[in-house]
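One structure is given here, and the rest of the page talks about it.
We did not get these values from a lab; they are worked out from the coordinates using the rules stated. Since the model is a prediction, treat every value here as computed from it, not as a measurement. Cβ placement follows ideal geometry from the backbone for every residue including glycine, while neighbour counts extend to all protein chains displayed.
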Amino acid sequence: MRFLAIAAMLIAITGCSKPAEPAKNQTVAAPEVGPHKGIDRSHKGEAAPAALFKNPDGGEISIAKFKGVPVLVNLWATWCAPCVKELPTLDKLAKSHRDDGALGVVAISQDSGDQTGVVAFLKNLNVTDLGAYHDADMKLSGALGPDTVLPTTLLYDANGKEVWRYVGDLDWTSPEAAKLLSEAGAPAAAAKG
């Protein structure tokens, strides 16, 4: 029990990352603030990985399904405190584009458990506009590279090409996020209020 309390405290004060050579579903904590946090444009122009993950209905899907519209892809996990912190702002962003179709917002859980756990977690957080996308085998984060830190958010343009990656948590309804989203012609969230 003491170990769980210590682990929970460590997760709360750190970001979340995968080791360079991870075993299946193995993750380790890494500092939230550090040289890796922020914008990364080194993969600009690369096509989205073809890795399959589960859609909210449990069927298989890939990022290619969203081609034709800019899409913001967020990799997160229930045990990652910075991930959980930003989920409500991603939910607001998704809600602001629910009817206009100008931006897809896809938050993909990297939890190794069952998809029903992801559904319950989002419901408990009152996250209603993000679907329960799930990648229990971490195929997508694995395809993005062994140093993918959680949370990582990627913006793909309407042609499925990467614009940038943002490593770490961000308020996706903030002016900084609006400026970043505009780089792919993606409109920002409606004004906070």
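Give me Rg over Rh for segment 91-193, both radii from the alpha carbons and Rh done the Kirkwood way, two decimal places. Numbers along the way, then the final one.
Values: Rg = 14.0 Å, Rh = 14.7 Å.
Over the Cα atoms of segment 91-193, Rg/Rh equals 0.95.
If packing is taken as the average count of other Cβ atoms within 10 Å, what order do 48-56, 103-111 fall into, highest mean first?
With the highest mean Cβ count within 10 Å placed first, the list reads 103-111, 48-56.
For segment 45-170, with only Lys/Arg (+1) and Asp/Glu (-1) charged at the beta-carbon, what is the dipole magnitude about the Cα centre, in debye rounded to 20?
So the dipole magnitude of segment 45-170 works out to roughly 160 debye.
So, by mean Cβ neighbours within 10 angstrom, what's the order for 59-65, 115-121, 71-77 with the highest one leading? Walk me through the intermediate numbers first.
On the way: 59-65: 14.7, 115-121: 16.9, 71-77: 25.0.
Going by the mean number of other Cβ atoms within 10 Å, highest first, we get 71-77, 115-121, 59-65.
Summing +1 for each Lys or Arg and -1 for each Asp or Glu, what net charge is found among the other residues whose Cβ lies under 15 Å from the Cβ of His43?
Result for the local shell: -2.
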